[in-house]
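Chemist: Sharing a structure with you now.
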Amino acid sequence: MTFIPLRERLAELLRRALQAAQAAGALPPFEIPEPLPVEPARHAAHGDYGSPVCLGLARVVRRAPLQIAQAVIPHLPAADFVAHAEAVAPGYINFTLSEAWLAAQVAEVLAAGEAWGNVDLGKGKRVQVEFVSANPTGPITIGSARNAVIGDTLASVLSAAGYRVEREYYVNDAGSKARKLAVSVFNKYAELLAAPVALNEETYPGAYITTMAESLVASAGRRYLEQEPETALREIMRWAIAQVLVTVEADLACLRVHFDSWRHERDFYATAAAGEVSLFEQRLAVLREAGNIVEKDGATWFTHPDLDKDAVLIRSAQVIPNPEDRPTYLASDAAYVWDKLVLRGFDRAIYVWGADHHGDVPRLFAITKAQGLDPERVSVILYQMVTLLRGGEEVRMSKSSGEFITLRDLVDEVGPDPIRFMMLTRTVDVTLDFDLDLVVEQSDRNPVFYVQYAHTRIAGVLRKAAELGLAVDTPGDLTLLKHPSELALIRKLLALPEVITLAAGAVAPHHLTLYATELGALFHAFYRDCRIADPDDLPLTYARLTLARAAKSVLARVLQLMGMDAPDRM
RNA sequence: GCCCCCGUAGCGCAACUGGAUAGCGUAGCGGACUUCGAAUCCGUCGGUUGCAGGUUCAAAUCCUGCCGGGGGCACCA
């Protein structure tokens, strides 16, 4: 079940009015602008929605905007949801919704239940959201939390917007970080067995390395010490990454983040049988054919006119004393985007990257175009970095130093909801101060509880009404809903399809937190102004209980989209 | 030096992507619980949207140049 946002329905009315006005000769012929702008009014005096379209038409029509607007009004088709439309200086067309129609919509919202707000923006297209994709070299840290929450919420919103969505975690298991993990475990393992450290390379110091090494001692004994180090390392790498991924999956599950698939970088270099060519080699051959590959200094480079430098390294045999050729990140990107858009046939691929990767964006697009793929099918969500604060001081973290706060620890302390909400409150474009003191605080200073409290309060009212002997689920006579606070709440309930359209279309999941907060505020205002359970006026009581249930349903829905709980008690 | 993001009320941020009188939260001050949950609500104070130009009927939003903050420019990932 999907719904058409009100502003789109209004835009359609305007479109038909503009056509009719031209057909009737009230306006000269011109092309109707697309998209046709319709905006929520900012001031009550402007009605509910307004369109500035006539302001822009003044030039082509060669008439004053207000005159154009006045010429359009008589041609607006009648619609049950519009009570009034008028032309206002300097040339806006303002719409006021019918209050009777608004009140009646409460039943529609309630009937739609969890489907309320769904729109058909995606038209069933398949989109993959790939996110987190942290190197599998240790536990998930708070550093990845913003990525996880943005990606997961975006996926939920796209799903509500009519896309078929898959969530994917890309496992970087072919690079030097994977090797470093293996070396770390191997060296610690050797140390535990009092053997001389075999590999003099940099290692991770974290306690989880020791845990894995102990586990390895228990299961394998001294076996790996007797093997050729590189052979042992390859086996340990595979094992260690699998171990880490188990914890990664569990850590993210704590935050209510789940993936549909886990794609391994290594697979792009692997072959199923002897004599076969890996996907990477196939794509490399195609790029070479297209003239995008140059050999220089004994290495392989990718070149493309869109790049701001001559060439980007794709493979070098002399990077590390490693039996395998170890290509760079860009190399697997070439195979991966092909894998997404062609082999697996997604219509769109969305990458969620931290701002520290912004330099990689042009390369990704270049290597997409170079393979003949439409770059419009690829989007990169770049979110700015998170600054962790504790006691007003910045907390620095790094896996290399072994000093970091794990996501697991924080979730265990405060639960997923405050983390998710805080990570969503700002646009992806601004750096986020994440206050560890505030997020653990269960008080009204913590904004997450405001929205959940609104839901809880409704649940409390419904409980109270039931105690009074009222049949809470009885459909009320909605024509009794006329109070400004009732109507304001209803207007907000009806805005959800627009919010989902906006959040999905502009890839801006922060609109959900704004909407949830506004919705909560309007419920509180309704609660203040309108006594819901009034034994002396049962018809009005049932009407208001119906509205309260609808508000509860929509709050639950928007919290669900954000991956948060909608508690009945707090 | 080049690239990306940001600069809006004391502080933290919105502004539906160029529209009307720039909003919300916090902090400050003053109010509202014998009445459906006060984790709430109401009032009040607070603005030359960093600066200077430009484009437009219309600029917080687009362009140029400065200033300030953050991030990135590896044979790392």
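Chemist: For chain A, what number of Lys pairs, 8 or more residues apart or on separate chains, have alpha-carbon atoms under 27 Å from each other?
Modeler: Close lysine pairs under the 27 Å cut-off: 24.
Chemist: Another question about this same structure. Can you list the HN-Hα couplings for region A:148-164, worked out from phi with the Karplus curve (6.51, -1.76, 1.60; θ = phi - 60°), rounded to whole Hz and with x for Gly and Pro?
Modeler: Running phi through 6.51 cos²θ - 1.76 cosθ + 1.60 with θ = phi - 60° gives 4, 6, 4, x, 5, 5, 4, 4, 4, 5, 5, 5, 5, 8, x, 8, 8 Hz.
Chemist: Can you compute the modelled spin-label distance between A:R126 and A:T96, with each label point 7 Å from Cα toward Cβ, in nm?
Modeler: Roughly 5.1 nm, to one decimal.
Chemist: Nearest 20 debye, what's the magnitude of the dipole of chain A about its Cα centre given +1 on Lys and Arg Cβ and -1 on Asp and Glu Cβ?
Modeler: The calculation lands at about 980 debye.
Chemist: Classify chain A as rounded, prolate or oblate, taking a ≥ b ≥ c as the square roots of the eigenvalues of its Cα gyration tensor: rounded when a/c is under 1.5, otherwise prolate if a/b is larger than b/c and oblate if not.
Modeler: Oblate shape, in that a/c is at least 1.5 and b/c is the bigger or equal ratio.
Chemist: Still on this model: Which peptide among A:270-279, A:467-476, A:202-211, A:543-552 comes first, and what is the full order, when sorted by highest mean count of other Cβ atoms within 10 Å?
Modeler: A:543-552, A:202-211, A:467-476, A:270-279
Chemist: GluC sites (Glu not before Pro) within region A:1-95: which are DSSP loop residues with at most 13 other Cβ atoms inside 10 Å?
Modeler: A:E31
Chemist: Taking the Cα centre of region A:1-105 as the origin, how large is its charge dipole in debye, to the nearest 20, when only Lys and Arg (+1) and Asp and Glu (-1) carry charge on their Cβ atoms?
Modeler: Computed charge dipole of region A:1-105: roughly 360 debye.
Chemist: More than 24 Å apart: what percent of Cα pairs in region A:256-396 qualify?
Modeler: Result: 39 percent of Cα pairs exceed 24 Å.
Chemist: Express the relative contact order of region A:445-561 as a whole percentage, based on alpha carbon pairs under 8 Å and six or more residues apart in sequence.
Modeler: 41
Chemist: Rounded to the nearest 5, what % of the DSSP beta bridges within chain A are antiparallel ones?
Modeler: 55
Chemist: According to the square roots a ≥ b ≥ c of the eigenvalues of the Cα gyration tensor, what is the shape class of region A:366-471, taking rounded for a/c under 1.5, prolate for a/b larger than b/c otherwise, and oblate for the remainder?
Modeler: oblate
Chemist: Using the Cα gyration tensor of region A:176-246, with a ≥ b ≥ c the square roots of its eigenvalues, what is the shape: rounded (a/c below 1.5), prolate (a/b larger than b/c) or oblate (neither)?
Modeler: rounded
Chemist: Then there is this: Please identify every one of the trypsin sites (Lys or Arg not before Pro) in region A:400-475 that sits in a loop by DSSP and has no more than 12 other beta carbons within 10 Å of its own beta carbon.
Modeler: The qualifying sites are A:R445.
Chemist: A further question follows. Relative to the compact globular guide of 2.2 N^0.38 Å, what is the alpha carbon radius of gyration of region A:87-160, as a ratio?
Modeler: Ratio of Cα Rg to 2.2 N^0.38 Å: 1.84.
Chemist: Mean separation of Cα pairs under 8 Å and 6+ residues apart, divided by the residue count of region A:176-246: what relative contact order is that in percent?
Modeler: The normalised contact order for region A:176-246 reaches 42 percent.
Chemist: Return the inverse of the average 1/r over all pairs of distinct C-alpha atoms in region A:445-561, which is the Kirkwood hydrodynamic radius, in Å to one decimal.
Modeler: Here the Kirkwood hydrodynamic radius works out to 14.7 Å.
Chemist: Another one. Percent relative contact order of region A:6-97, based on C-alpha pairs within less than 8 angstrom and at least six residues apart?
Modeler: This gives 30 percent for region A:6-97.
Chemist: Quote to one decimal, in nm, the extra length available between A:R426 and A:Q227 on full extension: 0.36 nm per residue of separation minus the C-alpha distance between them.
Modeler: 66.4 nm
Chemist: Right, another one. Can you tell me the FRET efficiency between A:E467 and A:V217 if r is taken as the Cβ-Cβ distance and R0 is 56 Å, rounded to the nearest 0.05?
Modeler: 0.35
Chemist: How many Å³ per residue does the convex hull of the Cα positions in region A:13-133 occupy?
Modeler: Taking the convex hull of the Cα positions in region A:13-133, it is 181 Å³ per residue.
Chemist: While we're on this one: What are the residues whose amide H is under 5 Å from the amide H of A:V165, where those residues sit 5 or more places off or on another chain and H is modelled from the backbone?
Modeler: Those qualifying (amide H under 5 Å, at least 5 residues apart or on another chain) are A:V127.
Chemist: Report ³J(HN,Hα) in whole Hz for each residue of region A:218-228, in order, from the Karplus equation J = 6.51 cos²θ - 1.76 cosθ + 1.60 where θ = phi - 60°; Gly and Pro get x.
Modeler: Values per residue, Gly and Pro as x: 5, 8, 10, x, 9, 3, 6, 6, 8, 8, 4 Hz.
Chemist: Under a Cβ-Cβ cut-off of 13 Å, what is the net charge of the residues other than A:E376 that fall near it, where Lys and Arg count +1 and Asp and Glu count -1?
Modeler: +2
Chemist: Karplus couplings for region A:240-249 from phi (6.51 cos²θ - 1.76 cosθ + 1.60, θ = phi - 60°), rounded to Hz, Gly and Pro as x?
Modeler: My calculation for region A:240-249 gives 5, 5, 4, 4, 4, 5, 4, 6, 4, 4 Hz in order.
Chemist: What net charge is computed for the residues neighbouring A:Q128, neighbours being all others with C-beta under 14 Å from the C-beta of A:Q128, Lys and Arg scored +1, Asp and Glu -1?
Modeler: +2
Chemist: Okay, moving on. Please report the net charge: other residues with Cβ closer than 13 Å to the Cβ of A:L538, K and R +1, D and E -1.
Modeler: With Lys, Arg at +1 and Asp, Glu at -1, the neighbours total -2.
Chemist: Using Cα atoms only, what is the angle between the long axis of helix A:510-529 and the major principal axis of chain A, expressed in degrees (0 to 90) to the nearest 10?
Modeler: 40
Chemist: Show the residues, 5+ positions off or on another chain, whose built amide H is closer than 5 Å to the amide H of A:L388.
Modeler: A:V395, A:F434
Chemist: For region A:104-217, build the convex hull from the C-alpha positions and give me its volume per residue in Å³.
Modeler: Cα convex hull per residue, to the nearest whole number: 140 Å³.
Chemist: For chain A, take the longest principal axis of its alpha carbons; what is the angle in degrees between that and the long axis of helix A:448-467, to the nearest 10 within 0 to 90?
Modeler: That helix lies at roughly 50 degrees to the long axis.
Chemist: Also: For the Cα atoms of chain A, what angle does the longest principal axis make with the long axis of helix A:329-338, in degrees from 0 to 90, nearest 10?
Modeler: 50
Laboratory data are not the source of any read-out in this text; all were calculated from the coordinates shown. Quantities reported herein were computed from a predicted structural model and do not represent experimental measurements. Methodologically, a virtual Cβ is constructed for each residue, glycine included, from the backbone with ideal geometry; neighbour enumeration extends over all protein chains shown.
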